[in-house]
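**Q** Before anything else, here's the structure in question.
The values are calculated or read from the model by the stated rules, or taken from the named source; none is laboratory data. Everything numeric here is computed off the predicted structure, so don't read it as measured data. When we count neighbours, we look across all protein chains shown, and the Cβ atoms used for this are built from the backbone with ideal geometry, even at glycine. Each accessible area value is taken on the protein alone, full model and side chains, heavy atoms only, with ligands, DNA and RNA left out. Shrake-Rupley method; radii C 1.70, N 1.55, O 1.52, S 1.80 Å.
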Amino acid sequence: MNDSITESGRPSLAVKAFGITDTGRVRPSNEDQFLIAELTKTMRIWHTSLPEPKARFGDEHGHLFLVADGMGGHRAGEQASALAVVAIEQFTLNTFKWFFHSDGPDAQRVLTQLQTALRQADARILEESAEHPEWSGMGTTLTMAYYLDAQLCVVHVGDSRAYMFEDDQLHQITHDHTLMAEMVRQGTLQPEEVKHHRLRNVITNVVGGNEAGVNVEAHALEVHAGDRLLLCSDGLTEMLTNDAIAAALRAEPDPQAVCTRLVAQANEAGGRDNITVLIVRFD
């Protein structure tokens with residue numbers, strides 16, 4: 001996309017994105033998944049009397065980004081995160097009304113659709129668990145962002161994270177759905193006590209898991225030129241502080257370069273979990 005003006009009056013922004021996933025230094029397999037996809041309006045020309053190309057494309061381009069971190073024994077986590085990604089892809093292709101004018105009401109309708117997509121992924125994982133007892137209880141985090149027309153819609157379940165890096169500062173968009181994070185929000189635990197707490201990895205909200213139903217957090221925000229979106233699994237944030245992540249983003253403007261740097265730094269810090277990093281630059 002170029003820097004044109006959209007029908008809503010907002011400038012359209014060029015999108016550059018890169019994602020990487022790494023097993024880390026401890027885990028035997030990688031249960032993380034990520035997705036970067038572009039949505040376009042396409043007209044396929046079957047036959048015509050005019051000298052035209054076989055396909056024509058609309059001016060609007062939507063972009064979908066997601067990170068999923070699976071959990072469960074016997075490779076069940078890998079299955080859960082993969083099932084979630086496939087369910088989201090199917091929803092996007094067959095159900096999602098993705099083009100919109102990014103006023104408040106339209107953005108809210110998109111968020112509602114994306115929340116439905118995560119609930120369908122939840123049902124799909126539970127259905128698969130019922131058919132395969134060895135995968136019982138498998139689940140996944142899922143943090144997803146949809147961008148169109150200078151508007152970003154974010155939906156989230158679990159302890160993967162979405163951040164926005166704007167004006168040289170890193171801001172966490174999503175909340176961690178963990179027991180420790182809830183205790184911090186309630187004031188019964190101090191943030192500095194979380195790192196060494198024995199229950200720090202207890203997740204309170206997942207796609208799939210042991211029972212039906214998922215609470216999907218949702219956010220809508222406007223994007224400006226120079227902003228960068230970061231989606232990541234907790235394999236990054238358990239190893240690196242927000243300050244370290246922000247420093248890498250300041251040092252590397254290119255999404256691929258900063259993804260590579262962050263994964264390397266997380267591994268240098270111990271790499272105790274799978275590490276997935278997805279960065280989007282808007283210009």
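**Q** Please work out which residue is nearest to Ala80 (Cα to Cα), limiting yourself to region 12-60 and to residues that are at pLDDT below 90 and surrounded by 16 or more Cβ atoms within 10 Å (Cβ to Cβ).
**A** Glu60
**Q** Right, next: So which residues in region 61-80 are assigned to a strand (DSSP E or B) and open to solvent by 40 Å² or more (accessible area, probe 1.4 Å)?
**A** Selection gives His61, Met71.
**Q** Something else now. With respect to Asn215, determine if the residue is out of contact with any Phe, Trp or Tyr (no Cβ under 8 Å at 6 or more places or on another chain) and either of a type in the set (D, E, K, R) or open to solvent by less than 30 Å² (accessible area, probe 1.4 Å) (or both).
**A** It is false that Asn215 is out of contact with any Phe, Trp or Tyr (no Cβ under 8 Å at 6 or more places or on another chain) and either of a type in the set (D, E, K, R) or open to solvent by less than 30 Å² (accessible area, probe 1.4 Å) (or both).
**Q** Write out, first by first residue and then by second, each pair whose Cβ atoms fall under 8 Å of each other, whose residues are 6+ apart or on separate chains, and whose first residue, in region 229-250, is under 15 Å from Asp69 (Cα atoms) and open to solvent by 10 Å² or more (accessible area, probe 1.4 Å) while the second is assigned to a helix (DSSP H, G or I) and among the hydrophobic types (A, V, I, L, M, F, W, C).
**A** Listed by first residue and then by second, the contacts come to Thr237/Ile245.
**Q** Using the structure shown, decide if Leu83 is closer than 30 Å to Val202 by Cα, at pLDDT 90 or above and in a helix (DSSP H, G or I).
**A** Yes: the conditions hold for Leu83.
**Q** Do we have any residue at all in region 137-145 that's part of a helix (DSSP H, G or I) and in contact with a Ser or Thr (Cβ under 8 Å, 6 or more places away or on another chain)?
**A** No - not one qualifying residue is present in region 137-145.
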